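Contents: one structure, followed by commentary.
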Amino acid sequence: MKHIYSSVDIGSDTIKVVVCELYKGKLNLLAASSVKSKGIKKGLITDFEAVSVSMKKAINEVEGMLGIKIKKVLVSVPSYFAEFLVVKGEIKITGEDGVVTGDDVVAVLQNAMQEKLSPGKEMVTMLPIDFKLDQQDGLKDPKGLVGRELSVRAIMATTPKKNIYSVVSLMDSIGIEIVDISLNPIGDGYAFRSKEMESQIGAIINVGAETTTVAVYNKAIIVKSSIIAMGSRNIDNDLAYIYKIDLNQSRKIKEKFALAHKKYANASEVYEVTREDEVIKLNQFETSEIVMSRIEEILTLARKEINILTNRKVDYIIITGGTSNMAHFDYVAEDIFGKDVVIGDIKIIGIRNNKYSACVGNIVYFINKLRLKGKSYTMFNSSDMEELETPKKGIINNISNESMLGKVFGYFFGE
């Protein structure tokens, strides 16, 4: 059985859908879609009908590439007012042979979350820090070991109930089942996770359309996050205001003409744009100067936010989000953070755009949860697989409420 997973990221600017196959320990892209979103303001659903139309369009695009229907997805929920609480749990191993199973792992995590939720909050996920089996501590995966008492330290990620319910209601209204939920900062962490990060403290900055998320990680596990109410759309607004053009024009200038750092811009290179009945010529240096100024402001605020979130030395800073793909963005980042800053690089062929980092990372995170639980899972049944194996135009093949919440949380804590 092939293991295929679909993931959805509902952003203020675009809705992203990614479908990947896990093959020999590597994720391979099968299809990806990014469509303009409507009805989303700063990551929150403001117009249910409008966002439903955008979501259906994004899903339909991927279905057209695959030639099969998407029925199940992983989905990220807004991380506004998300909290990350250290919790502990302990259980006795009940099996006669004392061997720890995936069911024991789930049971100890359930025990850790009991009576820990604040009013108005809902659990998004549990991120194990380490396990202890009798006197053996610091275990990452206790399955298969023999003991009598199993305990765990974990991070319980929570968010306001309305953040979850709005997304669950949206997907339910278009007939798609949510298998699991996550937060984009968790996905970003798993998208760029490395062995070195497991012993370090670091931060990941995701520059989105209307907001920028800053998250701090300790030993590759998210411990804090915050949101800055500023993103790439502020750049569009700056260009539109200064040149007195509409937002569609300013966005094209940002994406096709301007550079993130003015140092590498050419003053003799021009871009023609129509303003009312007049054709005006913009030079690359001036437009890049405007863009760079706003990027510097966003990254400076992000740097201050990191210092607020942690007073410890940060070993790495990774920047992701669609804006980070701009030419020479890395040079602006170095001006603000120094030489150690890194621009994210997704390692999946066919999807080398940082706007997909959280979407892909949430698939990686889900696979890790399955391994910890000792389970195997795919979102497509055998008849879907047969359809999928038939070549389709456009597909990228393998190249290298309580009832609602029950559906969502059921996979981690039960079958």
*asked:* Checking the conditions here, which among Lys369, Lys392, Lys347 is of a type in the set (D, E, K, R) and modelled with pLDDT of 85 or more?
replied: Lys369
*Could we say that Ser166 is part of a helix (DSSP H, G or I) and of a type in the set (Gly, Ala, Ser) here?*
yes
*Looking at the range 273-291, is at least one residue crowded, with 23+ Cβ neighbours inside 10 Å and modelled with pLDDT under 95?*
no
_Being surrounded by fewer than 20 Cβ atoms within 10 Å (Cβ to Cβ), under 26 Å from Phe380 (Cα atoms) and touching a strand residue (DSSP E or B) at 6+ places or on another chain (Cβ under 9 Å): is that true of Glu177 here?_
yes
*Looking only at strands (runs of 3 or more DSSP E) that fall completely inside the range 1-92, which ones have 2 or more residues that are among the hydroxyl-bearing types (Ser, Thr, Tyr) and buried (at least 17 other Cβ atoms within 10 Å of the Cβ)?*
3-10, 26-36
*Does Gln110 satisfy being of a type in the set (S, T, N, Q) and farther than 24 Å from Val75 by Cα?*
no
*Counting only residues that are among the hydrophobic types (A, V, I, L, M, F, W, C) and touching a helix residue (DSSP H, G or I) at 6+ places or on another chain (Cβ under 9 Å), how many does the range 128-172 have?*
10
*Working carefully through the options Ile228, Ile242, find the one that is of a type in the set (A, V, I, L, M) and surrounded by fewer than 16 Cβ atoms within 10 Å (Cβ to Cβ).*
Ile242
*Tell me, yes or no, whether the range 299-311 has at least one residue that is modelled with pLDDT under 95, β-branched (Val, Ile, Thr) and either surrounded by fewer than 21 Cβ atoms within 10 Å (Cβ to Cβ) or more than 20 Å from Pro185 (Cα to Cα) (or both).*
no
*Kindly list the number of the only condition in (1) crowded, with 19+ Cβ neighbours inside 10 Å; (2) under 21 Å from the mean Cα position of the chain (by Cα) that fails for Leu259.*
(2)
*Pairs where the first residue, in the range 262-289, is over 17 Å from Met326 (Cα atoms) and the second is assigned to a helix (DSSP H, G or I) and of a type in the set (S, T, N, Q), C-beta under 7 Å, 6+ apart*: Ala267/Gln284; Glu269/Gln284; Val273/Gln249
*Could you please tell me which pairs satisfy a Cβ distance under 9 Å, a separation of 6+ or placement on different chains, a first residue in the range 180-209 that is farther than 26 Å from Tyr165 by Cα and open to solvent by 10 Å² or more (accessible area, probe 1.4 Å), and a second residue that is in a strand (DSSP E or B) and among the polar types (S, T, N, Q)?*
Phe192/Thr320; Gln200/Asn218; Ile201/Asn218
*part of a helix (DSSP H, G or I), open to solvent by 60 Å² or more (accessible area, probe 1.4 Å), within 20 Å of Ser12 (Cα to Cα) and modelled with pLDDT of 95 or more: does that describe Asn237?*
yes
*Which residues, taken from the range 319-359, are open to solvent by less than 30 Å² (accessible area, probe 1.4 Å) and aromatic (Phe, Trp, Tyr)?*
Phe329, Tyr356
*asked:* For the range 120-145: of the residues being outside any strand (DSSP E or B) and not hydrophobic (A, V, I, L, M, F, W, C), which is farthest from Val223 (Cα to Cα)?
replied: Gly144
*In this structure, does Glu387 turn out to be in contact with a Gly (Cβ under 7 Å, 6 or more places away or on another chain), at pLDDT below 95 and open to solvent by 20 Å² or more (accessible area, probe 1.4 Å)?*
yes
_I'd like to verify a number: residues in the range 104-128 that are of a type in the set (Asp, Glu) and either closer than 27 Å to Tyr165 by Cα or at pLDDT below 95 (or both), how many?_
2
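Matching residues to (1) modelled with pLDDT of 95 or more; (2) among the acidic types (Asp, Glu):
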site	(1), (2)
Pro160	no, no
Tyr165	no, no
Pro185	yes, no
Glu198	no, yes
Ala215	yes, no
Ile222	yes, no
Ser225	yes, no
Asn248	no, no
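The values are calculated or read from the model by the stated rules, or taken from the named source; none is laboratory data. Predicted, not measured: the structure shown is a model, and the values here were computed from it. When we count neighbours, we look across all protein chains shown, and the Cβ atoms used for this are built from the backbone with ideal geometry, even at glycine. Surface accessibility is based on the protein's heavy atoms, side chains included, excluding ligands, DNA and RNA. Shrake-Rupley method; radii C 1.70, N 1.55, O 1.52, S 1.80 Å.
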